[in-house]
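Structure record follows, encoded as structure tokens.
The values are calculated or read from the model by the stated rules, or taken from the named source; none is laboratory data. In this text the structure is predicted, and so the values were computed from the model without any measurement. Cβ atoms come from the backbone with ideal geometry, glycine included; neighbour counts cover every protein chain shown.
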Amino acid sequence: MKRIAIQGLKGSFHHEAALHHFGDQIMLNECETFRSVVNQVLESEADFGLMAIENSLAGCIIPNYALLRQGGLTICGEVILQVKMNLMVYNGTSISDLKEIQSHQMAIRQCSNFLDNHERLRVVESFDTAGSARHIKENKLSQVAAIASSLAAKTYDLTILQSGIENKESFTRFLVLTKSSNQAEEETDKASIYLETKHEPGALAKVLTAVSDLRVNLSKLQSHPVSGWERTYGFFMDLEFSDSGQKSKVFHELASLSEVIENLGVYKKGKIYE
Ligand SMILES: O=C(O)C(=O)C[C@]1(C(=O)O)C=C[C@@H](O)C=C1
């Protein structure tokens, strides 16, 4: 049985993403932080780790980019999940009983319109959506609601008062991490890389022109400060290939235009699960 380290608990969106990607014959290693997800895989306590990296409404989880570089793991896949947010309570609680709403900060951001319309309720961040749901159940809290998945409501036996409370359709992209990927080269059509260019006019433009000339699709570009304060930046790039010849060419071209280049993983473009 595959051992999967996730950030969060059973019933979290990481759990949902793991079920879609690996099926239900998995052993879940619940972690409080993304750092411990990485450590579990590094220390062979898990075969794979799942790490949310960005959400279509709430934006990027920037610290995870740094973890990808420091971690010594490789990206071997991705999962895109439509996240559906639900307001859930201890059985018997009604909305007028509530004083507080708890959830993960990324979920809170995705439901900002709903929360603006319920200003009287205190909003409290937690480490995990499912963690908030479990907390309510374990402590029989009747004045607190959680924002979490329907899987969390089922897992912790809570009542959903309102579903679909995200601002609009919301998708989270998760990376699948492993120690060493043994994926067949021909099965892969996407790569994530990190590079630093020279700090001079046009350096990034040259990189982008090379990507464009090779007809490679740049699906993501994220800048990140290089440590120290020299006002220089590194760039995380996701590249999508339409034929395998493009891969080696683009790596070769970009290496010649970069001061630093790191391959963070070559993998298959993820499916979207709704
Ligand atoms: O708290 C959870 O349920 C998680 O799986 C974490 C997380 C995140 O890190 O973005 C995952 C997906 C949703 O965007 C909200 C929260």
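Here are some notes:
- Subset of segment 33-56 that is crowded, with 20+ Cβ neighbours inside 10 Å and without any contact (Cβ under 8 Å) to a residue 60 or more places away in the chain - its residue that is nearest to Leu175 (Cα to Cα): Phe34
- Under the condition of being in contact with a Ser or Thr (Cβ under 6 Å, 6 or more places away or on another chain) and at positive phi, the residues counted in segment 221-274 number 1.
- Among the residues listed as Lys179, Lys137, the single one being at pLDDT below 95 and of a type in the set (Lys, Arg): Lys179
- Residue selected from segment 23-50 under the condition more than 21 Å from Ala148 (Cβ to Cβ) and among the hydrophobic types (A, V, I, L, M, F, W, C), by the criterion farthest from the ligand (Cβ to nearest atom): Leu42
- For the condition surrounded by 21 or more Cβ atoms within 10 Å (Cβ to Cβ), of a type outside the set (Asp, Glu) and away from the ligand (no atom under 13 Å from the Cβ), Leu73 qualifies.
- Qualifying residue in segment 262-270 (condition: more than 23 Å from the chain's Cα centre (by Cα) and closer than 21 Å to Ile53 by Cβ): no
- Of everything listed in (1) in a loop (DSSP other than H, G, I, E, B); (2) of a type in the set (Lys, Arg); (3) more than 21 Å from His135 (Cα to Cα), the single unmet condition for Arg3 is (1).
- When segment 229-261 is filtered for residues that are of a type outside the set (Ser, Thr, Tyr), loosely packed, with under 14 Cβ neighbours inside 10 Å and over 26 Å from the mean Cα position of the chain (by Cα), the ones remaining, listed by number, are Trp229, Glu230, Arg231, Asp243, Gly245, His252, Ala255, Glu259.
- Residue within segment 4-21 that is among the hydroxyl-bearing types (Ser, Thr, Tyr), surrounded by 17 or more Cβ atoms within 10 Å (Cβ to Cβ) and either farther than 23 Å from Val266 by Cβ or in the same structural domain as Met106 (by TED's automatic domain parsing) (or both) present: yes
- When Arg215, Arg173 are checked against the criterion of being closer than 28 Å to Val79 by Cβ, at pLDDT 90 or above and crowded, with 17+ Cβ neighbours inside 10 Å, Arg173 stands alone in meeting it.
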